[in-house]
Amino acid sequence: MHALLLIDIQNDFMPGGALAVKEGDQIIPVVNALQEKFELVIATQDWHPQNHGSFAANHAGKNIGEIIELNGLPQILWPVHCVQNSPGAAFHPGLNTKKIKHTIVKGTDPGIDSYSGFFDNGHKKATGLEEYLKQKGVDSVSLCGLATDYCVKFSALDAAELGFKTTLIRDACRGVELSPGDTEQAICEMKATGVQITDSSVV
Ligand code: VGL
Ligand code: ZN
């Protein structure tokens, strides 16, 4: 069984959103077309409480982009984004959600971030995604969504390490690019971990 994972296709990651990803909205028609080609579609949502430790606003005197230590882990500070039940946390209105069988929320613990859809950044707690996929008989996953250099990357690395045959659909993703080249670097790391890189035209 082959599943398509839609990673964090949420308003706050779109142009004009709180943590905007350049051209993030351009993936929408690509992702909608892709969904028709998969038996199982699963989505993740970044889903933070207002007091989340990844928000610069929750650390007096700290700025967006600074790195702090959060409960023993390095943490990049982000703008307030994807607050639970806020419009910014909702899926992009153009995303076809009819085929989504299950949604995994992540980043709900204020004390730790969760870029991957499988585990928090300390690999301490699982989100339930691995169990869900295994119970559905999924052995291979393809990933698309936002952002290539954060949540898509860490989800793909975990998927490959957990033993799923893992494919990144490159043109159905966009990166944050805090530093120029981050997206290319992320693709190199994924390749090195055994992730196949492909384009929607050949799926
Ligand atoms: C993400 C930064 C912070 C992402 C989420 O979805 O890639 N990036 N939270
Ligand atoms: Zn986040």
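Every number here is computed from the coordinates shown, using simple stated rules; none is lab data. None of the values given here were measured: they were computed from a predicted structure. Cβ sites come from the backbone with ideal geometry, for glycine too, and all protein chains shown count toward neighbours.
Quick notes
- The gain in end-to-end length when the HIS102 to SER201 segment is fully stretched comes to 33.1 nm, 0.36 nm per residue minus the alpha carbon separation.
- Between LYS136 and CYS188, the contour length at 0.36 nm per residue exceeds the Cα-Cα span by 15.7 nm.
- Using a simple spin-label model with pseudo-atoms 7 Å out from Cα toward Cβ, ILE68 and HIS123 lie 2.6 nm apart.
- ALA90/ALA33 FRET efficiency (R0 22 Å; Cβ-Cβ; nearest 0.05): 0.55
- Relative contact order computed over the chain (Cα-Cα under 8 Å; 6+ residues apart), in percent: 24
- Quick note on the chain: its Rg to Rh ratio, both from C-alpha atoms and Rh being the Kirkwood radius, is 0.94.
- Dipole magnitude for region 75-199: about 520 debye, using +1 per Lys or Arg Cβ and -1 per Asp or Glu Cβ, origin at the Cα centre.
- Dipole of region 1-109 [Lys/Arg +1, Asp/Glu -1 at C-beta], most positive-end residue of HIS59, GLN45, ASN32: ASN32
- Per-peptide packing, taken as the mean over residues of other Cβ atoms within 10 Å, places 111-118, 146-153, 91-98 in the sequence 146-153, 111-118, 91-98 from highest down.
- Folded to 0 to 90 degrees: helix 182-192 orientation relative to the chain principal axis, Cα: 50
- Amide hydrogen neighbours beyond the local backbone of VAL105, cut-off 5 Å, H modeled: GLN45
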